[in-house]
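Encoded as structure tokens, the structure appears first; notes follow it.
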Amino acid sequence: RDLHSFPTRRSSDLVALARSLDRFNVQTYYPSTAVAGSGWDSWFSSPLSGESATTPIATDDTLSRYAAAGIPAAKLGFGMAFYAICYGGGITGPHQPTSAATPILGGDNQYPLSRFFAAGGTFDASAASARHRDATAQVPYLSLPAVVNDGGCGAGTQYITYDDETSIAAKGAFSKSRGYGGIILWTLQEGWLPSNASGGRGPNALMQALRAGFLQ
């Protein structure tokens, strides 16, 4: 959760609780970061920045609210998911209006990055022109020219948002530059890639990106 939705008294309670904790980890990844309807535009699974009226959740804004409330930055950990999410309903990329009928698909267990990056999958088959990276949120995404019936999404999609080695590095740089306590993952095994992963990635490519970004 983030402090947009907590009343003042609840914020004070969390600050008091943090004094007894070694770490205070925040779920800054889907399903906390992307919602269909209620005035939300299509967004990302684990955006670093870009909070706005129609994309209300981003890691930098959320953590700055906790720190401003009095939780030490060094205790604060933010999160990312080792799975991709997909939008249906005609959504082709980020920053597009959604409705309550807009499906958000994929996610935990359904579309682990081990499946997303596998040879022969939607990512592997996508053209370079379909692969994008948002300079503000600092995450990659696919914007496909036609609907793809992707089994990881469970239905047709043209927009898939995920994390990769470059976005992991950006998260590590962000954490270090702000003095935060690091990152949490949901879940490690979903990021262990098959031996034939797209782009020649090794099975531990994402793990090595975490090591380089956060530990070295």
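The values are calculated or read from the model by the stated rules, or taken from the named source; none is laboratory data. In this text, all values refer to a predicted model and were calculated from it rather than measured experimentally. Virtual Cβ from ideal backbone geometry, glycine too; neighbours counted across all protein chains shown. For accessibility, only protein heavy atoms count, side chains too; no ligands or nucleic acids. Shrake-Rupley method; radii C 1.70, N 1.55, O 1.52, S 1.80 Å.
Choose one of Ala100, Thr59, Gly202: the residue whose Cα lies farthest towards the positive end of the charge dipole of the chain (beta-carbon charges +1 Lys, Arg; -1 Asp, Glu; about the Cα centre).
Value computed over the given set: Thr59.
Given H placed 1.01 Å from N in the peptide plane, which residues other than close sequence neighbours of Val139 have an amide H under 5 Å from its amide H?
Here Asp134 satisfy the definition.
Just read off the accessible area of Phe117 with the full protein assembly in place, 1.4 Å probe, to the nearest 10 Å².
0 Å²
Sorted by accessible area with a 1.4 angstrom probe, largest first, how do Ser126, Ser20 fall?
Ser20, Ser126
Counting only C-alpha contacts under 8 Å and six or more residues apart, can you give the relative contact order of the range 101-171 as a whole percent?
Dividing the mean separation by the residue count of the range 101-171 yields 28 percent.
Given H placed 1.01 Å from N in the peptide plane, which residues other than close sequence neighbours of Ala84 have an amide H under 5 Å from its amide H?
Gly107, Tyr111, Leu113
Once R0 is set to 35 Å, what does the formula 1/(1 + (r/R0)^6) return for the Cβ-Cβ distance between Asn196 and Arg10, expressed as a FRET efficiency to the nearest 0.05? Walk me through the numbers before you get to the answer.
Values: r = 48 Å, r/R0 = 1.37.
Efficiency at R0 = 35 Å is approximately 0.15.
State, as an integer percentage, the relative contact order of the range 66-152 based on alpha-carbon contacts under 8 Å between residues 6 or more apart.
Once normalised by length, the contact order is 24 percent.
Whenever you get a sec, line up Lys176, Lys75 from highest to lowest accessible area (probe 1.4 Å, protein heavy atoms).
Largest accessible area first, the list is Lys176, Lys75.
Could you put Glu51, Glu190, Glu165 in order of accessible surface area, largest first, with the 1.4 Å probe and the full protein assembly present? If you can, show how the numbers build up before the last one.
Details: Glu51 80, Glu190 10, Glu165 50 Å².
Putting Glu51, Glu190, Glu165 in descending order of accessible area: Glu51, Glu165, Glu190.
Among the DSSP beta bridges whose two residues both lie in the chain, what percent are antiparallel, rounded to the nearest 5?
The antiparallel fraction comes to roughly 75 percent.
With a point put 7 Å past each Cα toward its Cβ, work out how far Thr136 is from Ser52 in nm, to one decimal.
For Thr136 paired with Ser52, the spin-label model returns 0.4 nm.
Let me cross-check Ile184: its accessible surface, 1.4 Å probe, with only protein heavy atoms counted, in Å² to the nearest 10?
Rounded to the nearest 10, that gives 40 Å².
Based on Cβ point charges of +1 for Lys and Arg and -1 for Asp and Glu, what charge dipole magnitude is obtained for the chain about its Cα centre, in debye rounded to the nearest 20?
560 debye
For Ala173 and Leu188 in the same chain, what is the full-extension length gain: residue separation times 0.36 nm, less their Cα-Cα distance, in nm?
Length gained, Ala173 through Leu188: 3.4 nm.
How many percent of the accessible area of the chain is carbon or sulfur, using a 1.4 Å probe?
Of the solvent-accessible surface of the chain, carbon and sulfur hold 52 percent.
Quote the relative contact order of the chain in percent (integer), defining contacts as alpha-carbon pairs under 8 Å separated by 6+ residues.
22 percent
How much accessible area per residue does the chain have, in Å², with a 1.4 Å probe?
43 Å²
Taking only Cα atoms, what is the 0 to 90° angle, nearest 10, from helix 59-69's long axis to the longest principal axis of the chain?
10 degrees
Convert each backbone phi in the range 136-143 into a coupling constant with the Karplus relation 6.51 cos²θ - 1.76 cosθ + 1.60 (shift: θ = phi - 60°), then list the ³J(HN,Hα) values in order as whole Hz, x for Gly and Pro.
Once θ is set to phi - 60°, the couplings for the range 136-143 become 8, 6, 6, 9, x, 7, 9, 10 Hz.
For a label point 7 Å from the Cα of Gln96 along Cα→C-beta, name the residues of the range 132-146 whose backbone N is under 18 Å from it.
132-135, 140-146
Tell me, what is the 1.4 Å probe accessible area of Asp124, in Å² to the nearest 10?
60 Å²
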